[in-house]
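Input: a single structure, listed below in structure tokens.
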Amino acid sequence: MTKTEEFLMEAFAGESQANRKYSAFAAQADKEGFSQAARLFRAAAEAEAVHAANHLRALKAIKSTKENLRESIAGETHEFKEMYPEMIAAAKAEGAKDAERSFNYANAVEEYHAKLYHGILEDLEEKKESYPYYVCPVCGMTVEKEAPERCPVCGVKGSMFKKIE
């Protein structure tokens, strides 16, 4: 990997993190009644997303849908088989309950994401029904077609799930 590619990867990671952080900051500002600060955080989050996408394109890291699905399956599988188990163990050993819960939620959901990606990859060429996904706002559990009565990972009410069209 060239130095420029390393820098693009570093910049992509930083811009991606800033996007998520500023989105969370916007939600907090809204919660506290600071709507103008929330708007600025959302605007900055969007700008950071533009930067991240530009870096990803410069890396030539966006491939065909089949290749992108394969890469996504590999990434999600790495997370639930290798990355999160180590993080869960460390958080448990250190008594960091919030971190342990967060890692456990992500671990359970990443495994399901890998299955969803695999299912789409297997049937990519077939014309199938179109349906929405639903995402749990607490743990990120992602389900097809309709929200469950309760989240199978964290137990939140299905009515809280966000519909993704």
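The values are calculated or read from the model by the stated rules, or taken from the named source; none is laboratory data. All of these numbers come straight from a predicted model, not from anything done at the bench. Using ideal geometry, Cβ is built from the backbone for each residue, glycine included, and neighbour counts are taken over all protein chains shown.
Listed here are the residues, each with its yes/no results for (1) modelled with pLDDT under 95; (2) more than 23 Å from A13 (Cα to Cα).
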site: K63; (1), (2): no, no
site: L69; (1), (2): no, no
site: T77; (1), (2): no, no
site: F103; (1), (2): no, no
site: Y112; (1), (2): no, yes
site: I120; (1), (2): yes, yes
Check: Restricting the search to region 64-76, which residues are surrounded by fewer than 17 Cβ atoms within 10 Å (Cβ to Cβ) and in a helix (DSSP H, G or I)?
Finding: T65, K66, E67, N68, R70, E71, A74, G75
Next item on the list: Find the residue count for region 93-109, including only residues that are surrounded by fewer than 18 Cβ atoms within 10 Å (Cβ to Cβ), among the acidic types (D, E) and within 21 Å of the chain's Cα centre (by Cα).
Entry: 1
Next item on the list: Specify the residue that is nearest to the chain's Cα centre (by Cα); the eligible residues are those in region 149-165 that are in a loop (DSSP other than H, G, I, E, B) and over 22 Å from F103 (Cα atoms).
Entry: E165
Note to self: Quick test of your reading of the structure: H51 fulfils all but one of (1) closer than 22 Å to K21 by Cβ; (2) touching a residue at least 40 places away in the same chain (Cβ under 8 Å); (3) surrounded by fewer than 15 Cβ atoms within 10 Å (Cβ to Cβ); (4) not polar (S, T, N, Q). Name the failing condition by number.
What the structure shows: (3)
Next item on the list: Could you tell me which of the residues Y84, Y117, Y131, Y112 is among the hydroxyl-bearing types (S, T, Y), buried (at least 17 other Cβ atoms within 10 Å of the Cβ) and more than 24 Å from I62 (Cα to Cα)?
Entry: Y84
